[in-house]
Amino acid sequence: MNRRIKTGDADQPETQKVSIFPITQATTATFTELYFRLTFLFFIQRGSKFIVSPRQGEMLGEEGDLMIFPPGSIVTMENRPVMDDDYRALGVCFTHDLVDAVFSDLPRPKAASDVQIVHAADHCPSEILTLIQETLANEHLPEPIRQHRLIEPLIWLRSKGFLLPTQVQDEPISQVRSLIEADLSHPWMAKEVAQHFAMSEATMRRWLASTGQGFAKILLNTRLEHGLSLLQTTDAQVSEIALECGFKTPSHFSDAFRKRFGIKPKDIRLSPD
């Protein structure tokens, strides 16, 4: 089983604040309005990644490139395998406090909230990927050294002129998604979620209106996007993924997934004939 995504809070060990996971996809598919709650780095190892950002337009990352997605990004993404082989990438996520530790003393230009590409030909980002992999794999490192090494990739990005947003205040959509992700199989109801945030259901719906997404859509998208992640990063059966993501039946998951992404869940892993 491949490594699963982890997230972290300010009081967690550094090893849980940086996570790495392999992504494999056998066929080209377009994924609309994907939301990134944390800072994500995607190291493209085979194939290419095409995205459409509402503000930046079209962007293409190619083999060897690193693509940086800041927290709060909403993009349409297409992973493109090469002929007769899978698309492969390694994803790495960083919690807000680690990013703050490296970038908080800098002015926050608007570009820091953009998707950025670190081109392989110019910067060789594979070097920092190796550092992340070796650090996470070494269980015997003293904690101070581990902590330093896990922020070193961010220091490297800063030295190359790449910036990330700091002092990020999680938007309503991010806060609700974080709660849902804590237990995706739970039968979440709007009233229960509103109570968690110490507000009435009507107030919560007004609070979420600023995101352009209502509670039902946020709940469904969170479950579907987590399901997509599990399809790409684990070898779990579709039926297992469906139940873990809170769908009552695999067919319910498959129907909702196909309606959202235009492809059946099982076809993410199957090469076209």
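The values are calculated or read from the model by the stated rules, or taken from the named source; none is laboratory data. None of the values given here were measured: they were computed from a predicted structure. Cβ: placed from backbone, ideal geometry, glycine included. Neighbour counts: every protein chain shown. Only protein heavy atoms, including side chains, enter the accessible area calculation; ligands, DNA and RNA are left aside. Shrake-Rupley method; radii C 1.70, N 1.55, O 1.52, S 1.80 Å.
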- [ ] Inspect segment 81-104 for any residue being in contact with a Ser or Thr (Cβ under 7 Å, 6 or more places away or on another chain), surrounded by fewer than 15 Cβ atoms within 10 Å (Cβ to Cβ) and of a type in the set (S, T, N, Q) and give the result as yes or no.
- [x] yes
- [ ] Quick one: in segment 136-182, of everything that is over 16 Å from P125 (Cβ atoms) and hydroxyl-bearing (S, T, Y), which residue is farthest from the chain's Cα centre (by Cα)?
- [x] T166
Open item on the list: Yes or no: segment 246-254 includes at least one residue that is under 27 Å from F94 (Cβ atoms) and under 21 Å from the mean Cα position of the chain (by Cα).
Closed with: yes
Open item on the list: Need the failing condition index for A194 against (1) hydrophobic (A, V, I, L, M, F, W, C); (2) open to solvent by 20 Å² or more (accessible area, probe 1.4 Å); (3) over 22 Å from the mean Cα position of the chain (by Cα), just the number.
Closed with: (2)
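Can S271 be described as at pLDDT below 95, open to solvent by 70 Å² or more (accessible area, probe 1.4 Å), in contact with a Ser or Thr (Cβ under 7 Å, 6 or more places away or on another chain) and of a type in the set (G, A, S)?
Judged against the criteria, S271 is a match.
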Open item on the list: Between a residue in segment 77-94 that is farther than 20 Å from M59 by Cα and any residue that is among the aliphatic types (A, V, I, L, M) and assigned to a loop (DSSP other than H, G, I, E, B), which pairs come within a Cβ distance under 6 Å, given they are 6 or more apart or on different chains?
Closed with: D86/A26; C93/L38
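Answer yes or no: is there a residue in segment 223-245 that is open to solvent by less than 70 Å² (accessible area, probe 1.4 Å), part of a helix (DSSP H, G or I), among the hydroxyl-bearing types (S, T, Y) and closer than 19 Å to T32 by Cα.
To start, the set of residues in segment 223-245 that are open to solvent by less than 70 Å² (accessible area, probe 1.4 Å) comprises 223-234, 236, 238-239, 241-242, 245.
With the extra rule that they be part of a helix (DSSP H, G or I), the set shrinks to 223-233, 238-239, 241-242.
Okay, now just the ones that are also among the hydroxyl-bearing types (S, T, Y), so 229, 233, 239.
Now restrict to residues that are closer than 19 Å to T32 by Cα: 229, 233.
Checked segment 223-245: at least one residue is open to solvent by less than 70 Å² (accessible area, probe 1.4 Å), part of a helix (DSSP H, G or I), among the hydroxyl-bearing types (S, T, Y) and closer than 19 Å to T32 by Cα.
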TODO: Output the residues belonging to segment 241-266 that are touching a helix residue (DSSP H, G or I) at 6+ places or on another chain (Cβ under 6 Å), in contact (Cβ under 8 Å) with a residue 24 or more places away in the chain and not aliphatic (A, V, I, L, M).
DONE: C245, G246, F247, F253, F257, R260, P265, K266
TODO: Restrict the check to segment 49-57 and report whether at least one residue is at pLDDT below 95, assigned to a strand (DSSP E or B) and open to solvent by 30 Å² or more (accessible area, probe 1.4 Å).
DONE: no
- [ ] Sort out which residues of segment 98-121 are within 19 Å of I51 (Cβ to Cβ) and either among the charged types (D, E, K, R) or assigned to a helix (DSSP H, G or I) (or both), and write them in order of number.
- [x] K110, A111, A112, S113, D114, A120
Task: First in segment 23-41 and at negative phi and free of Cβ contacts under 8 Å to residues at least 40 places away in the same chain, second anywhere and open to solvent by less than 30 Å² (accessible area, probe 1.4 Å) and assigned to a strand (DSSP E or B), Cβ under 6 Å, 6 or more apart - done: F36/F69
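So which residues in segment 146-198 are of a type in the set (K, R) and part of a loop (DSSP other than H, G, I, E, B)?
Of the residues in segment 146-198, the ones of a type in the set (K, R) are 146, 149, 158, 160, 177, 191.
Once the filter is applied, which keeps residues that are of a type in the set (K, R) and part of a loop (DSSP other than H, G, I, E, B), segment 146-198 yields only K160.
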- [ ] Within segment 118-156, count every residue that is more than 19 Å from F103 (Cα to Cα), of a type in the set (V, I, T) and open to solvent by 20 Å² or more (accessible area, probe 1.4 Å).
- [x] 2
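Name the one entry in T211, T166 that is touching a residue at least 40 places away in the same chain (Cβ under 8 Å) and touching a Pro at 6+ places or on another chain (Cβ under 6 Å). Before you say what the answer is, go through the steps one by one.
On the way: T166 fails: touching a Pro at 6+ places or on another chain (Cβ under 6 Å).
Going through T211, T166 in turn, just one is touching a residue at least 40 places away in the same chain (Cβ under 8 Å) and touching a Pro at 6+ places or on another chain (Cβ under 6 Å): T211.
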Open item on the list: If I filter segment 28-38 for residues that are out of contact with any helix residue (DSSP H, G or I) (no Cβ under 9 Å at 6 or more places or on another chain) and assigned to a strand (DSSP E or B), do I get at least one hit?
Closed with: no
